[in-house]
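The values are calculated or read from the model by the stated rules, or taken from the named source; none is laboratory data. These numbers come from a predicted model, not from an experiment. Here the Cβ positions follow ideal geometry from the backbone for every residue, glycine too, while neighbour counts run over all protein chains shown.
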Amino acid sequence: MRPAQEVAHVPDDVEPRDLDKVARGELKTLSKENADWVAKHLVMAGRLIDEDPAEAHKHALSAGRRAGRISVVRETIAITAYQVGDYALTLRELRTYRRISGRDDQLPLMVDSERGLGRPERALELGRSVDVSTLDPQVRVSLAIAMSGARLDLGQPQAALGELEIPQLDRTKAFSYSPALFAAYGTVLEDLGRPDEGEKWLELADRAEDALASLEHGGADGETVEIVEEEIEVPAADERPVGLDAEGGPDEVDEEGVFDEEVDADVSTETDDADADADAVDVTPADDDPETPDDEDHQHDETADPETTAQDDAADEHRG
């Protein structure tokens, strides 16, 4: 028998409608009363995840006892478990979430949990088990950072740098994921004994974060924000270190989560290609603007000083 577990307290002001619309849609398979009860606990888990992870985890577990077959519930349990350092539970719950939903969007968290358990080799194997081209840019960046961390765990800083050299490492545009990617790249450069380059990328991360925050709060004057003040040398693709691609099969170990339920679901590996440029902040340096044509430099200035113009005409007449 499983020991009785405490049900987390939900304040009176919490309403089911406070839950994200997509998440509420997943709860429609439950009865109205049960769906509302679960929704409230998911709302509380979201509210407390940063300030009180342990209490947030209690709410996630409370929701799971009534809705163990709902993917968003298993995902919430996994995320809160990760926040309290229970990496084994995180992995178990995310395997179930992945099986139910058919999604790989939490793969970076799975890789990082393997690292948390002291298994960087398995982390790399798991990260290589999917085609990264099928992942959304945000997920791909998070995965690259987790994989880079695993390389550092193994004492492979050069390979760690290679993990981060992905198409999203673009210093001319700032996306929501750019500050973290720039900062990770700068940190690895410093670990490699290249502090000057590392400092530039860390500064770039700060500028990108400030630019994105400015846009979010309406502080920018336009859609283009310049955050780069000097050139940063990025190795060409053929000069970048080749990562130690340890190809292995997917980690398909089927372990039970915190609930003894069997879930049968068809797992689809297809994902839509994300149009990443739609969310970009253009941060192309001013030096990259096209040069003004030479003939424009010699156009007549209609706003010239009349007195100066008269003197010039008199000088021309005298020379004539």
task = Any residue in segment 38-67 that's part of a helix (DSSP H, G or I): show its pairings with residues that are of a type in the set (Gly, Ala, Ser) and surrounded by fewer than 22 Cβ atoms within 10 Å (Cβ to Cβ) at Cβ separation under 6 Å, as long as the two are six or more apart or on different chains.
result = LYS58/ALA8; HIS59/ALA8; SER62/ALA8
task = Search segment 196-218 for residues that are assigned by TED's automatic domain parsing to the domain that holds ALA183 and pair each with any residue that is surrounded by fewer than 19 Cβ atoms within 10 Å (Cβ to Cβ) and outside any helix (DSSP H, G or I) when their beta-carbon atoms are under 6 Å apart and the residues are at least 6 apart or on different chains.
result = LYS200/ILE232; SER214/ALA220
query = Within segment 65-81, is even one residue small (Gly, Ala, Ser), surrounded by 20 or more Cβ atoms within 10 Å (Cβ to Cβ) and under 18 Å from SER142 (Cα atoms)?
reply = yes
ask   = Somewhere in segment 150-170, is a residue touching an Asp or Glu at 6+ places or on another chain (Cβ under 7 Å), within 30 Å of GLY102 (Cβ to Cβ) and in the same structural domain as GLU216 (by TED's automatic domain parsing)?
value = yes
query = Does any residue of segment 26-47 turn out to be within 24 Å of the chain's Cα centre (by Cα), among the β-branched types (Val, Ile, Thr) and under 23 Å from ASP112 (Cβ atoms)?
reply = no
Test: residue in segment 24-33 that is farther than 22 Å from GLN138 by Cα, surrounded by 17 or more Cβ atoms within 10 Å (Cβ to Cβ) and among the β-branched types (Val, Ile, Thr) = no
remark   = Per the filter on segment 146-193, residues surrounded by fewer than 23 Cβ atoms within 10 Å (Cβ to Cβ), of a type in the set (Val, Ile, Thr) and at pLDDT 95 or above are ILE166, THR187
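For segment 68-76, check the following and say yes or no: at least one residue is of a type in the set (Gly, Ala, Ser), in a helix (DSSP H, G or I), free of Cβ contacts under 8 Å to residues at least 60 places away in the same chain and not assigned by TED's automatic domain parsing to the domain that holds SER31. Steps first, please.
First, pick out the residues of segment 68-76 that are of a type in the set (Gly, Ala, Ser): 68, 71.
Filter again for in a helix (DSSP H, G or I), leaving 71.
Now drop any that are not free of Cβ contacts under 8 Å to residues at least 60 places away in the same chain, which leaves 71.
Those left that are additionally not assigned by TED's automatic domain parsing to the domain that holds SER31: none.
No, segment 68-76 contains no residue that is of a type in the set (Gly, Ala, Ser), in a helix (DSSP H, G or I), free of Cβ contacts under 8 Å to residues at least 60 places away in the same chain and not assigned by TED's automatic domain parsing to the domain that holds SER31.
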